[in-house]
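Here's the structure we're looking at; comments come further down.
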Amino acid sequence: MSSTVLNQPLRQPRLLEHRELLFALAGGVFFLAGLAAGSSALAIFFYLLSYGVGGFYKAREGLTDLIHDRSLNVEILMILAALGAASIGFWSEGAILIFIFAMSGALETYTLQKSEKDLSELVKLAPEQAVLVTNGTTVTVAVDSLRPGDVVLVRNGERIPADGIVRRGASAVDESAITGEPVPVEKLDGSDVFNGTMNGSGTLEVEVTRENKDSLFQKMIALVDEAKTSRPKAQRFIERIEGPYVITVLIATALLIVLPPLVWQAPFEATFYRAMVMLVVASPCAVVASIMPALLSAISTGARFGLLTKGGIPLEQLVKTNVIAVDKTGTLTKGSPRVTGVYALNGAEEEALAAVAGTEAESSHPLARAVTSYVKRSGIPLRSPITTQSHTGKGIEAAFEDGVWKIGNETWAQADSWPDEARRQHRAWMSTGHTVIFALQNNTPRLMIALKDEVRPEAAAFVKEMTKYGIETVMITGDNEETAKAIASETGIRSWVSRCMPEQKVTEIERLRREKGAVVMIGDGVNDAPAMAKADIGIAMGSGTDVAVDTADMVLMKSDLSKIMLAVRLSSRLRRIVIQNLVFSSAVILFLLTANFAQSLTLPLGVIGHEGSTILVILNGLRLLRP
């Protein structure tokens with residue numbers, strides 16, 4: 001696909017895509033024509049057209065479920081009510097029933113399409129072809145054929161076809177499709193870029209880092225598909241009882257038709273008319289429409305602002321959360337630490353730094369990358385170890401010609417046994433929120449490196465907002481107590497657990513669930529994934545590892561904690577609106593049934609009351625399209 005095709009505006013919905021609405025309107029026109037024709041035979045002709053055209057889609061839906069799925073739904077009730085009204089000469093009442101019912105169904109379809117728009121159009125942004133650079137020449141290839149290490153050319157105005165790193169060029173890239181932020185982001189050599197984002201005026205050469213199926217954009221599309229098909233528990237319950245409910249209404253209607261004439265000698269026509277009114281007002285259309293339009297609207301709003309959820313269940317359940325457990329590095333902090341100080345023992349600082357950076361060079365850990373970058377910028381050549389061995393939660397051990405180096409945290413390095421001056425320096429760094437890496441050569445203390453990871457600017461506001469909603473924030477980190485305390489003080493967190501290994505994070509989640517109830521876990525790393533899976537809801541930072549993103553129930557595409565505040569607000573509003581809809585729709589049904597049995601409700605008024613309540617609950621749910 002050429003770049004010009006890729007960058008054309010998204011096609012507006014064609015007229016035929018709203019044919020259900022057009023059929024409903026046409027049915028209304030025929031209904032009005034029947035009214036104008038009075039009591040002539042021509043009126044019956046127009047009413048039949050109104051029935052056939054206006055009720056086509058709803059009749060097809062009801063009959064399809066009846067024939068193929070062997071299930072009864074509200075459409076069957078409406079068809080029977082309209083046909084029953086016509087059979088006793090109430091053609092106009094039946095026609096207005098068909099018209100309003102068809103209009104409410106068409107409007108529901110339209111509003112569902114509107115609420116899904118931000119999700120569905122995301123899929124359309126995925127590029128299908130890329131310009132591959134090979135030995136100085138370019139060739140157009142399918143995006144699915146790209147592999148890590150390939151270099152692609154992205155001209156101005158084209159969509160970036162793969163996740164990668166800029167190797168040459170500079171440009172501003174519109175990442176709103178992923179992050180929801182409209183301001184383009186400047187990209188230079190070494191910058192990360194993502195599949196589906198829009199290149200600006202510059203030309204970029206991008207080295208592919210992920211296959212298309214593993215790209216962040218494709219993960220988003222997978223989340224979209226899951227969100228559109230997932231059903232929360234309340235919706236599944238309503239759908240499960242719809243069939244038995246319809247059967248109950250049909251039995252009650254049959255009894256209402258038969259018993260009064262037989263037992264009380266009531267006029268059959270009047271009794272039959274009341275039965276048809278009951279068929280209309282007892283239909284649970286509004287109840288069925290109380291949840292999904294609202295839920296899809298909330299999911300759609302989240303997607304617009306860079307919050308993706310795997311189906312509706314996590315968003316529905318989020319409001320029930322009592323405590324949010326938060327990882328520190330990469331979650332409360334930016335995950336981009338920098339070296340702020342070096343303390344060398346026994347001299348030979350450059351030699352020690354060369355060994356440490358050479359050992360850490362192959363690691364993807366943020367602290368390791370920070371140390372390696374610092375040493376490279378200092379112009380110190382790195383030393384490559386002979387062998388290395390990683391010790392999870394402790395550090396790494398490397399063998400060099402001059403001995404074995406241990407590089408890791410204070411516990412593994414036995415920091416308490418270090419010289420007094422080194423310990424004082426360590427405590428000073430800890431008191432200001434630094435993380436310290438220790439290095440020993442042949443078990444002899446050699447070097448301490450202080451790193452500081454900047455706290456995310458929105459972290460304190462996030463903690464304050466969660467407190468306002470009655471949700472406690474607990475920090476769970478593998479860092480030491482002093483650093484944890486400093487970060488907690490800076491963000492306003494009152495409870496934290498330090499020195500947590502990955503398996504201990506799972507234990508802490510279990511403890512929090514026992515003591516406090518529903519728990520959310522927010523993280524970004526491989527070591528956070530088990531705890532995220534154990535929590536009631538796992539939330540991953542978009543900049544996190546693939547394992548974290550795959551494990552999570554929600555993903556913050558821009559790694560912005562303020563989006564969790566948005567999620568909690570949406571969840572709270574969703575719950576409130578769903579309750580409003582269910583209470584209102586149930587009350588309307590009870591009121592209309594009571595009015596019918598009191599002989600004070602006509603079929604047109606029953607139709608207006610019933611279908612009007614359906615439209616109102618749909619419109620109420622659409623309020624969630626606003627953040």
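Residue pairs, Cβ under 6 Å, 6 or more apart or interchain, first in the range 73-85 and more than 12 Å from VAL249 (Cα to Cα), second among the small types (Gly, Ala, Ser) and at pLDDT 75 or above. List them.
ILE79/ALA59; ALA82/GLY94; ALA85/GLY94
Does the range 519-531 contain at least one residue that is farther than 20 Å from THR477 by Cβ and at pLDDT 85 or above?
No, that holds for no residue.
Within the range 554-575, take every residue that is among the charged types (D, E, K, R) and modelled with pLDDT under 85 and give me the one that is nearest to VAL506 (Cα to Cα).
ASP560
Got a number for residues in the range 437-467 being touching a His at 6+ places or on another chain (Cβ under 7 Å) and at pLDDT 90 or above?
So the answer is 2.
Any chance the range 205-218 includes a residue that's in contact with a Pro (Cβ under 7 Å, 6 or more places away or on another chain), open to solvent by less than 20 Å² (accessible area, probe 1.4 Å) and modelled with pLDDT of 80 or more?
Yes, the range 205-218 has at least one match.
Pick out, from the range 426-531, the strands (runs of 3 or more DSSP E) lying fully within it that include 2 or more residues that are in contact with a Phe, Trp or Tyr (Cβ under 7 Å, 6 or more places away or on another chain), open to solvent by less than 30 Å² (accessible area, probe 1.4 Å) and among the aliphatic types (A, V, I, L, M).
435-441, 444-452, 472-476
Yes/no per residue for (1) under 38 Å from the mean Cα position of the chain (by Cα); (2) farther than 27 Å from PRO502 by Cβ:
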{"site": "MET430", "(1), (2)": "yes, no"}
{"site": "GLY433", "(1), (2)": "yes, no"}
{"site": "LEU440", "(1), (2)": "no, no"}
{"site": "THR444", "(1), (2)": "no, yes"}
{"site": "ILE471", "(1), (2)": "yes, no"}
{"site": "GLY478", "(1), (2)": "yes, no"}
{"site": "GLU482", "(1), (2)": "yes, no"}
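Counting residues that are at pLDDT below 80, which strands (runs of 3 or more DSSP E) fully inside the range 75-193 reach at least 1?
185-187
Looking only at the range 567-599, which residues are more than 24 Å from GLU316 (Cβ to Cβ) and part of a helix (DSSP H, G or I)?
LEU590, PHE591, LEU592, LEU593, THR594, ALA595, ASN596, PHE597
Taking into account only those residues within the range 301-313 that are within 17 Å of GLY542 (Cα to Cα) and at pLDDT 80 or above, which is most open to solvent (accessible area, probe 1.4 Å)?
The selected residue is PHE305.
Tell me which of these ALA298 doesn't satisfy, since it passes every other one: (1) under 30 Å from ASP553 (Cβ atoms); (2) crowded, with 24+ Cβ neighbours inside 10 Å; (3) more than 23 Å from the chain's Cα centre (by Cα).
The number of the failed condition is (3).
State yes or no: is ALA354 in contact with a Lys or Arg (Cβ under 8 Å, 6 or more places away or on another chain) and in a helix (DSSP H, G or I)?
For ALA354, the condition - in contact with a Lys or Arg (Cβ under 8 Å, 6 or more places away or on another chain) and in a helix (DSSP H, G or I) - is met.
Let's see how each residue does on (1) in contact with a strand residue (DSSP E or B) (Cβ under 8 Å, 6 or more places away or on another chain); (2) among the charged types (D, E, K, R); (3) closer than 27 Å to SER489 by Cα:
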| residue | (1), (2), (3) |
| --- | --- |
| ALA368 | no, no, yes |
| ILE386 | yes, no, no |
| SER390 | yes, no, no |
| ALA399 | yes, no, no |
| VAL404 | yes, no, no |
| GLU410 | yes, yes, yes |
| GLY433 | yes, no, yes |
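Give the range 407-424 a look and list any residue that's of a type outside the set (Val, Ile, Thr) and open to solvent by 60 Å² or more (accessible area, probe 1.4 Å), or say none.
GLN414, ASP416, SER417, PRO419, ASP420, GLU421, ARG423, ARG424
Can you tell me which residue in the range 315-346 is farthest from THR432 (Cα to Cα), limited to those that are assigned to a helix (DSSP H, G or I) and open to solvent by 10 Å² or more (accessible area, probe 1.4 Å)?
Filtering first and then ranking leaves GLU316.
Pairs, please: C-beta under 7 Å, at least 6 apart or cross-chain, first residue touching a residue at least 24 places away in the same chain (Cβ under 8 Å) and in the range 331-345, second of a type in the set (Ser, Thr, Tyr)?
Close Cβ pairs satisfying both conditions: LEU332/THR491; GLY335/THR329; GLY335/SER543; PRO337/THR435; VAL339/TYR374.
Any chance the range 608-624 includes a residue that's among the basic types (Lys, Arg), in a helix (DSSP H, G or I), open to solvent by 20 Å² or more (accessible area, probe 1.4 Å) and closer than 17 Å to SER300 by Cα?
Yes; the residues of the range 608-624 include at least one that is among the basic types (Lys, Arg), in a helix (DSSP H, G or I), open to solvent by 20 Å² or more (accessible area, probe 1.4 Å) and closer than 17 Å to SER300 by Cα.
Which of (1) more than 22 Å from VAL555 (Cβ to Cβ); (2) open to solvent by less than 40 Å² (accessible area, probe 1.4 Å); (3) small (Gly, Ala, Ser) does SER191 not meet, given it meets every other one?
With respect to (1) more than 22 Å from VAL555 (Cβ to Cβ); (2) open to solvent by less than 40 Å² (accessible area, probe 1.4 Å); (3) small (Gly, Ala, Ser), SER191 is out only on (1).
Suppose we filter the range 372-392 for residues that are surrounded by fewer than 17 Cβ atoms within 10 Å (Cβ to Cβ) and either of a type outside the set (A, V, I, L, M, F, W, C) or in a helix (DSSP H, G or I) (or both); how many remain?
Selection size over the range 372-392: 12.
Out of all the residues in the range 14-65, which are assigned to a helix (DSSP H, G or I), modelled with pLDDT under 75 and farther than 30 Å from PRO244 by Cα?
Across the range 14-65, the qualifying residues are LEU15, LEU16, GLU17, HIS18.
Residue by residue, here is whether (1) in contact (Cβ under 8 Å) with a residue 24 or more places away in the chain; (2) at positive phi; (3) of a type in the set (Val, Ile, Thr) holds:
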position: ARG383; (1), (2), (3): yes, no, no
position: ILE386; (1), (2), (3): no, no, yes
position: GLU401; (1), (2), (3): no, no, no
position: GLU410; (1), (2), (3): yes, no, no
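Being crowded, with 24+ Cβ neighbours inside 10 Å, under 29 Å from the mean Cα position of the chain (by Cα) and under 16 Å from PHE591 (Cβ atoms) is the filter here; which residues of the range 275-295 pass it?
The answer is CYS285, ALA286.
Could you please find all residues in the range 194-215 being farther than 26 Å from VAL547 by Cβ and assigned to a strand (DSSP E or B)?
Correct list: MET198, ASN199, LEU204, GLU205.
Contact list please: Cβ distance under 7 Å, first residue in the range 258-269 and open to solvent by 100 Å² or more (accessible area, probe 1.4 Å), second residue of a type outside the set (Val, Ile, Thr), pairs at least six apart or on different chains.
As it stands, the answer is PHE268/PRO261, since those pairs meet every condition given.
The values are calculated or read from the model by the stated rules, or taken from the named source; none is laboratory data. Since we're looking at a predicted model, the values are computed, not measured. So basically every Cβ, Gly included, is an ideal-geometry build from the backbone, and we count neighbours across all protein chains shown. Note: accessible area is taken over every heavy atom of the protein model, side chains too, but ligands, DNA and RNA are not part of it. Shrake-Rupley method; radii C 1.70, N 1.55, O 1.52, S 1.80 Å.
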